[in-house]
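Before any comments, here is the structure.
The values are calculated or read from the model by the stated rules, or taken from the named source; none is laboratory data. Quick caveat: nothing in here was measured; it's all calculated off a predicted structure. Reconstructed Cβ throughout: ideal geometry from the backbone, glycine too, with neighbour counts over all protein chains shown. These area figures cover heavy atoms from the full protein model, side chains too; ligands, DNA and RNA do not enter into them. Shrake-Rupley method; radii C 1.70, N 1.55, O 1.52, S 1.80 Å.
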Amino acid sequence: MTAPPLHLTSARLIDGTGTAPLEGVTVVLEDGRIAGVDASGAPIPADAVQIDLGGRALMPGLVDAHVHVTAFDMPRASKGQDAIVPEVRHHLIAAGLRRMLRMGITTVRDVGAFGDDLLHARQAVRLGAIPGPRILACGRIVSATSPGGRHFDGMYREADGPDEMRKATREQFRRGADFIKIMTTGARSCELENSSPAQMTRAEIATVVEEAHRMGYRVAAHCEGLDGTRLAIEEGADTIEHGLELHRAPELLDELTRSERVLVPTLSCFFHVAENLDDRWAPRLVELAERQRDDAHRTIEAALRAGTRLAMGFDSQPHGQSALELVRMWRAGLTSMQAIMAGTAGSAAACGLADHIGSIVPGRVADLVVVDGDPLDDPELLLDEARIWLVFQAGGAVAGAGLDSDLASLRSAAPGTDPVPALAGRPVG
Ligand SMILES: [Zn+2]
């Protein structure tokens, strides 16, 4: 038995394509997809199933094109406390994914994970065992033998020379990757790496791209220094991750625009280290992040001039706050409409899924967010849990303040604390 069509009425439609918002729109969802968009104000059938959005903003679900779902700090037991077992990690991954979905993030592209935990989580989400965004995984990151391979133990597949690169790429297909991620330069987050020169050779990059494309996979390229960025663009990588030095080579931005490829600027990762709130980062890396943050802002301005398609990649923590990247792109010079496009259709394009998600167009999958307020007027609303009113995943309402009952406020304010004392180690009798 198929569910009847659901009519979302009185929507303020921000469809993700950049079209000016429309008031009083009805969007019809059927079989998990968008079946119709009607701005004519025509009455809907009296017996139709409907949700009156009351003028709230209806936009595509957010897509984070650059996340590391499994890269968070595990809580640590105090000295003398029972150790926190590694298996708890899986539950914490699930909690992060649930949090993302609650904040309207309906798809994520994970560009680097430790071991296979992320692949397991992807399966659990697909099976409906845990709520979470749709996950695209890269398996291991394909990299040259490098300090990062040791620093990010379990996240990289190191390989050298075209033949090894081809094998490393094929191994990711075997592992179940959705796309391939390569390190064309070193990483700013590893002190032993110099992120300026190209770390892979032109032949190595060309081989990975050729093998991936031949087999129907896209390639995401980590790019910091300009030399590696240039090689990635010239050899056909599909998305440029970070790409902060591109403002020095406007011809490369023009090439991205011409070939309709996507830049994922990840401003937030530079803020994350530059602000260094807890003094945990090596001073040299903090200084580097400050410089790179300036570069990344200049590149956003140059990309706007070049008309390059941008995507929202938070590349930071905490999970669920990906829209902070959207807000930062807005502050960096995008209009609020451009920033929302980056967080929806732009990121969908980065995932290679622009024909399926990221815009509210008949035929697309009904991954949607209803926002209480106007995110075009104030994008920061997207960071406020109370304003994320309803989240739809493939046509079903799965999260949001609108689903919480009046009793929701009675929920425990401090989950994880139990006032009953532990029994072990106490006097008996
Ligand atoms: Zn990253």
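Scan (1) charged (D, E, K, R); (2) under 26 Å from Leu92 (Cβ atoms); (3) at pLDDT 90 or above for the single condition Asp294 breaks and write down its number.
(2)
Return the residue satisfying two criteria in turn: it lies in the range 235-251 and is assigned to a helix (DSSP H, G or I) and either of a type in the set (Phe, Trp, Tyr) or open to solvent by less than 10 Å² (accessible area, probe 1.4 Å) (or both), and of such residues it is nearest to Met312 (Cα to Cα). Give the steps one after another, and end with the answer.
Let us first name the residues in the range 235-251 that are assigned to a helix (DSSP H, G or I), namely 244-248, 250-251.
Keeping just the survivors that are either of a type in the set (Phe, Trp, Tyr) or open to solvent by less than 10 Å² (accessible area, probe 1.4 Å) (or both) gives 244, 246.
Working: Leu244: 14, Leu246: 17 Å.
Only one residue tops the list, namely Leu244.
Which of the residues that make up the range 162-204 are buried (at least 20 other Cβ atoms within 10 Å of the Cβ), part of a helix (DSSP H, G or I) and within 24 Å of the chain's Cα centre (by Cα)?
Result: Thr169, Gln172.
Could you check how many residues of the range 18-38 are assigned to a loop (DSSP other than H, G, I, E, B), touching a strand residue (DSSP E or B) at 6+ places or on another chain (Cβ under 9 Å) and in contact (Cβ under 8 Å) with a residue 24 or more places away in the chain? Full working, then the answer.
First, the residues of the range 18-38 that are assigned to a loop (DSSP other than H, G, I, E, B): 18-21, 31-32.
Okay, now just the ones that are also touching a strand residue (DSSP E or B) at 6+ places or on another chain (Cβ under 9 Å), so 19, 21, 32.
Of the ones still in play, those that are also in contact (Cβ under 8 Å) with a residue 24 or more places away in the chain are 21, 32.
Selection size over the range 18-38: 2.
Looking at this structure, is Leu324 modelled with pLDDT under 95, over 30 Å from Gly36 (Cβ atoms) and either open to solvent by less than 10 Å² (accessible area, probe 1.4 Å) or within 16 Å of the ligand (Cβ to nearest atom) (or both)? Don't jump to the end; show me each part of the working.
On the way: modelled with pLDDT under 95: no; over 30 Å from Gly36 (Cβ atoms): yes; either open to solvent by less than 10 Å² (accessible area, probe 1.4 Å) or within 16 Å of the ligand (Cβ to nearest atom) (or both): yes.
No.
Just the residues that are more than 16 Å from the ligand (Cβ to nearest atom), of a type in the set (Lys, Arg) and over 14 Å from Gln317 (Cα atoms), please, taken from the range 80-117.
The answer is Arg89, Arg98, Arg102.
Cβ-Cβ under 6 Å, sequence separation 6+ or interchain: first residue in the range 62-79 and over 30 Å from Thr17 (Cβ atoms) and touching a residue at least 12 places away in the same chain (Cβ under 8 Å), partner assigned to a loop (DSSP other than H, G, I, E, B) and within 11 Å of the ligand (Cβ to nearest atom). Which pairs?
Short answer, once both residue conditions are applied: Thr70/Ala113.
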